[in-house]
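Single-structure report; data block below.
The values are calculated or read from the model by the stated rules, or taken from the named source; none is laboratory data. Because the structure is predicted, anything quoted here is derived from the model rather than measured. With ideal geometry, Cβ positions are generated from the backbone for all residues, glycine too; neighbour counts draw on all protein chains shown.
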Amino acid sequence: MLLQTHGLTASYGQFKALFGIDLAVAKGECLAIIGANGAGKTTLLRSITGVLRNAPGMVMHRGEAIGDLPADRVMQRGIAMVPEGRKLFPSLSVEENLLIGGQVRGGSGPWGLEAIYDLFPILRERRRSPGTALSGGQQQMVAIGRALMSNPDLLLCDEISLGLAPVVIRDIYAALPRIRASGMAVVIVEQDIARALSVADRVVCMMEGRITLEGTPAQLNRAQIHAAYFGEAA
Amino acid sequence: MIWVDTVVQGVLLGGLYALFAAGLSLVFGIMRLVNLAHGDMIVAAAFLILLLVQGLGLNPFLAALLAAPAMFAFGWLLQRFILNRVLGKDILPPLLVTFGLSVALQNGMLEAFSADSRRIPIGPLESASVSLGGITVGVMPLLTFGSAVAVIVVLNQIFYRTALGRAFRATSDDPVTASLMGINPRGIFAMATGLAMVVVTIAALYLGMRSNFDPSIGPARLIYAFEAVIIGGLGSLWGTLAGGIIIGVAQTLGAAINPEWQILAGHIAFLVVLVIRPRGLFPRALD
């Protein structure tokens, strides 16, 4: 397994956000994590990436315990994140935002500036603009490109369709097959259930900090997902 | 002609104030840390240069070249092991720590060097001057101003042309997201403080060569540095140079009217700018 969590817990002060999450992601797999607001999806990604620290063995990457590593060390191991809300650096241009993604861990791999510009050609035209001067969809392209620049073996995408027009979401999801073709595993956190089911090899549904359903899109029916998502029968 | 001469002298004096302020501006711009010990660090660096000059018989400029890496190491260690521990959303802990550091530095220097005034000897260069279109200007003020411009240019080049500068700006924007890019914010902050101490060394060189100094004068240098940074706009390096020049010109104009008004005129100029442009002349768009 590329990534595993064992009984992963997380808290914000007195508020417990995750209750013993057991999760596994295989090499090259696309896993979708769905769930309503407050289900703990973003907290799970923050725990995996080291933004929230845990006991070492709660998160394993390529067989090594990484739960207590800080975010910069986790990223250097090959786990890249597209954060919720894009979080582009306002004082950096589009190209600088991309370059900083590969500054510490770029290395040999298919993803470099030219490959990102081929994936999202509009970014080549806007490369000198401040990152935050772009439309929401273009900013999302920069955020994805920035994460790809490190040539990770695991890409975590947090709510990449949030606040975007359907046509823009379609364009962004259209890039996913090319990203997966480079061999990396992808974890997509998504509230758009249909979109998640259309691209994922496997789906995990979360509610109130727990995994309530797991399976392949073919195994799961609408009623099961509805019950796991909202905690009630359809 | 006397007024032109006064303004030129003020501009050149502003170069010294800009040097005092550049390190402060750099640190504030990257980590929003106000270093209350900045003036004392300038004085400490001046003593270090003086020790090298007197102990090894070095030229002051060469002594500063040797002092700079030592000051870089001091800044790096200070940030890595002390200031990083107190950086956070609350601005009070770092203020208290740097205030304590200021007191400790002053007393340490008093113990080591006594309260006597010192000066870094530079020989004939001290009184050398050149004539520029009917105005006579000192070589030292010219060198100081040239160094200030060079420092600002180099810092800007580092900020906008290098990978380190990119990491500085990204970490300043959002340290958590920067860490998701593999950048260690604490390491970046340590580099920034180290770099600021190199600038402090350059400021100390000119402070020590141009005027007498003793362990107690740090806080006054800090006030000039603060005023230059705030006039220019927090975090703007070119703004810091402009701020230094405004204070310098105000002081020389005040002194031309009445010698007692020199210091007061600089402070009044600061207050006037603050009333008209509370965020300074060239504020960063994001602050």
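Structure summary
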{"item": "Counted residues, segment B:140-163 - those being aliphatic (A, V, I, L, M) and within 11 Å of chain A (Cβ to nearest Cβ)", "result": "1"}
{"item": "Any hit, segment A:10-19, residues being crowded, with 19+ Cβ neighbours inside 10 Å and closer than 17 Å to A:Cys157 by Cβ", "result": "no"}
{"item": "Matching residues, segment A:33-54, being away from every other protein chain (no Cβ under 14 Å), buried (at least 21 other Cβ atoms within 10 Å of the Cβ), touching a helix residue (DSSP H, G or I) at 6+ places or on another chain (Cβ under 9 Å) and in a loop (DSSP other than H, G, I, E, B)", "result": "A:Gly35, A:Ala39, A:Asn54"}
{"item": "Restricting segment A:171-193 to residues that are farther than 19 Å from A:Gln140 by Cβ and among the aliphatic types (A, V, I, L, M), the residue that is surrounded by the fewest Cβ atoms within 10 Å (Cβ to Cβ)", "result": "A:Ala181"}
{"item": "Those residues of segment B:113-128 which are crowded, with 17+ Cβ neighbours inside 10 Å and out of contact with any Phe, Trp or Tyr (no Cβ under 7 Å at 6 or more places or on another chain), in sequence order", "result": "B:Ile120, B:Ile122"}
{"item": "Hits in segment B:48-58 (condition: free of Cβ contacts under 8 Å to residues at least 24 places away in the same chain and surrounded by 13 or more Cβ atoms within 10 Å (Cβ to Cβ))", "result": "B:Leu51, B:Leu52, B:Gln54, B:Leu58"}
{"item": "A:Ser129 touching an Asp or Glu at 6+ places or on another chain (Cβ under 8 Å) and hydroxyl-bearing (Ser, Thr, Tyr)", "result": "no"}
{"item": "Check on B:Ala115, away from every other protein chain (no Cβ under 14 Å), within 17 Å of B:Pro219 (Cα to Cα) and not in a helix (DSSP H, G or I)", "result": "yes"}
{"item": "Subset of segment A:87-121 that is surrounded by fewer than 16 Cβ atoms within 10 Å (Cβ to Cβ) and either among the charged types (D, E, K, R) or part of a helix (DSSP H, G or I) (or both) - its residue that is farthest from the other protein chains (Cβ to nearest Cβ)", "result": "A:Pro121"}
{"item": "Listing of helices (runs of 4 or more DSSP H) fully contained in segment B:1-112 that carry 1 or more residues being hydroxyl-bearing (Ser, Thr, Tyr) and touching a Phe, Trp or Tyr at 6+ places or on another chain (Cβ under 8 Å)", "result": "B:2-31"}
{"item": "Residues being at pLDDT 95 or above and within 14 Å of chain B (Cβ to nearest Cβ) - total across segment A:130-149", "result": "9"}
{"item": "Segments classed as helices (runs of 4 or more DSSP H), wholly inside segment B:164-260, with at least 3 members that are within 14 Å of chain A (Cβ to nearest Cβ)", "result": "B:175-180, B:185-210"}
{"item": "Residues of segment B:95-154 that turn out to be at pLDDT 95 or above, over 20 Å from B:Phe47 (Cα atoms) and over 21 Å from the mean Cα position of the chain (by Cα), as a count", "result": "0"}
{"item": "Residues (within 9 Å of another protein chain (Cβ to nearest Cβ), closer than 22 Å to A:Arg127 by Cα and in a loop (DSSP other than H, G, I, E, B)) located in segment A:55-86", "result": "A:Pro83"}
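Okay, residues lined up against (1) farther than 23 Å from B:Gly233 by Cα; (2) polar (S, T, N, Q); (3) at pLDDT 95 or above:
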site	(1), (2), (3)
B:Ala37	no, no, yes
B:Met41	no, no, yes
B:Ala45	yes, no, yes
B:Gly57	yes, no, no
B:Leu66	yes, no, yes
B:Met71	yes, no, yes
B:Leu78	yes, no, yes
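Each row is one residue, and each column tells you yes or no for (1) modelled with pLDDT of 95 or more; (2) under 16 Å from B:Ala21 (Cα atoms); (3) touching a Gly at 6+ places or on another chain (Cβ under 6 Å).
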position: B:Gly243; (1), (2), (3): yes, yes, yes
position: B:Gly248; (1), (2), (3): yes, yes, yes
position: B:Gln251; (1), (2), (3): yes, no, yes
position: B:Ala256; (1), (2), (3): no, no, no
position: B:Trp261; (1), (2), (3): no, no, yes
position: B:Leu271; (1), (2), (3): yes, no, no
position: B:Leu281; (1), (2), (3): no, yes, yes
position: B:Leu286; (1), (2), (3): no, no, no
